[in-house]
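Heads up: the structure comes next, in structure tokens.
The values are calculated or read from the model by the stated rules, or taken from the named source; none is laboratory data. Quick caveat, the model's predicted, so the values are computed rather than measured. Because the Cβ atoms are built from the backbone with ideal geometry, glycine has one as well, and the counts that use them run over all protein chains shown.
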């Protein structure tokens with residue numbers, strides 16, 4: 001089946017028409033035109049896009065404990081770059097922000113959430129790899145991160161991953177960084193969220209926390225003066241959007257949405273308003289249409 005590739009400019013234009021109508025007009029012809037909004041986006045019959053659009057809501061799995069990318073805000077609404085990427089996808093389906101259901105996803109439950117249908121997509125610093133692609137599909141990548149190291153601000157002994165060999169290092173169960181730590185000979189202490197790694201680091205139970213550089217940068221920024229990120233990234237972590245295995249049509253659609261956002265400026269706007277407050281903007285990676 002062919003799907004409809006949406007333009008964010010078209011969606012913005014349609015929104016502008018509706019808002020203009022709401023403001024009122026003294027021109028009867030203008031009022032008549034404004035009272036008939038553009039039709040909602042249409043999709044191939046039986047597609048996931050059609051089902052979500054008609055339902056008017058989408059459930060997105062994301063993280064609630066990662067500053068810059070996915071963090072629960074004071075009003076109980078998550079904020080961050082991953083959240084904005086999820087909003088772009090929802091908007092393209094005609095789903096407004098207030099109709100998105102955000103479900104907390106930690107590293108260990110992202111695949112089960114997708115497989116069990118508890119979420120429609122996962123946008124949660126979710127590294128694409130071949131093992132995961134055996135059970136879920138991925139759109140993207142939309143960002144390229146890399147594993148790095150967080151230590152206490154006064155620690156000058158650890159500079160690279162080689163300094164972690166034989167040392168206790170905290171990471172998260174089910175994550176690619178945890179697997180890498182075991183591979184290089186560190187002694188992983190595993191927990192469910194990265195924020196739970198900070199107290200063991202403070203107390204000296206571990207010498208470092210290791211995960212993607214952007215996550216560590218967020219933790220350091222949130223705890224200014226306590227920690228620092230050291231060394232260069234020693235892996236490549238392509239972040240993708242997880243969805244049901246073999247839903248090729250939906251995967252292609254999300255890839256279309258991502259590529260449109262790269263071109264029309266909405267991707268950079270999402271970055272600048274979130275992670276870009278701390279990290280420099282880098283061009284997004286090429287989408288992998290496997």
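Overview of results
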quantity	calculated
Residues of region 119-128 satisfying the condition of being within 20 Å of residue 249 (Cα to Cα) and either surrounded by fewer than 24 Cβ atoms within 10 Å (Cβ to Cβ) or at pLDDT below 95 (or both)	128
Residue match in region 7-28 (condition: buried (at least 18 other Cβ atoms within 10 Å of the Cβ), modelled with pLDDT under 95 and assigned to a loop (DSSP other than H, G, I, E, B))	no
Any hit, region 55-68, residues being surrounded by fewer than 19 Cβ atoms within 10 Å (Cβ to Cβ), at negative phi and part of a helix (DSSP H, G or I)	yes
Residue 257 being over 29 Å from residue 111 (Cβ atoms), surrounded by 17 or more Cβ atoms within 10 Å (Cβ to Cβ) and at pLDDT 95 or above	no
Some residue of region 259-267 being more than 23 Å from residue 122 (Cβ to Cβ) and not in a helix (DSSP H, G or I)	yes
Filtered residues of region 223-238 (kept if assigned to a loop (DSSP other than H, G, I, E, B) and more than 18 Å from residue 127 (Cα to Cα))	223, 224, 225, 226, 231, 232
Qualifying residue in region 74-96 (condition: farther than 22 Å from residue 260 by Cβ, at pLDDT 95 or above, in contact with a helix residue (DSSP H, G or I) (Cβ under 6 Å, 6 or more places away or on another chain) and part of a loop (DSSP other than H, G, I, E, B))	no
Some residue of region 280-288 being surrounded by 14 or more Cβ atoms within 10 Å (Cβ to Cβ), in contact with a helix residue (DSSP H, G or I) (Cβ under 6 Å, 6 or more places away or on another chain) and outside the structural domain of residue 155 (by TED's automatic domain parsing)	yes
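Here's the yes/no breakdown for (1) modelled with pLDDT of 95 or more; (2) more than 19 Å from the chain's Cα centre (by Cα):
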| site | (1), (2) |
| --- | --- |
| 218 | no, no |
| 249 | yes, yes |
| 271 | yes, no |
| 277 | no, no |
| 282 | no, no |
| 285 | yes, no |
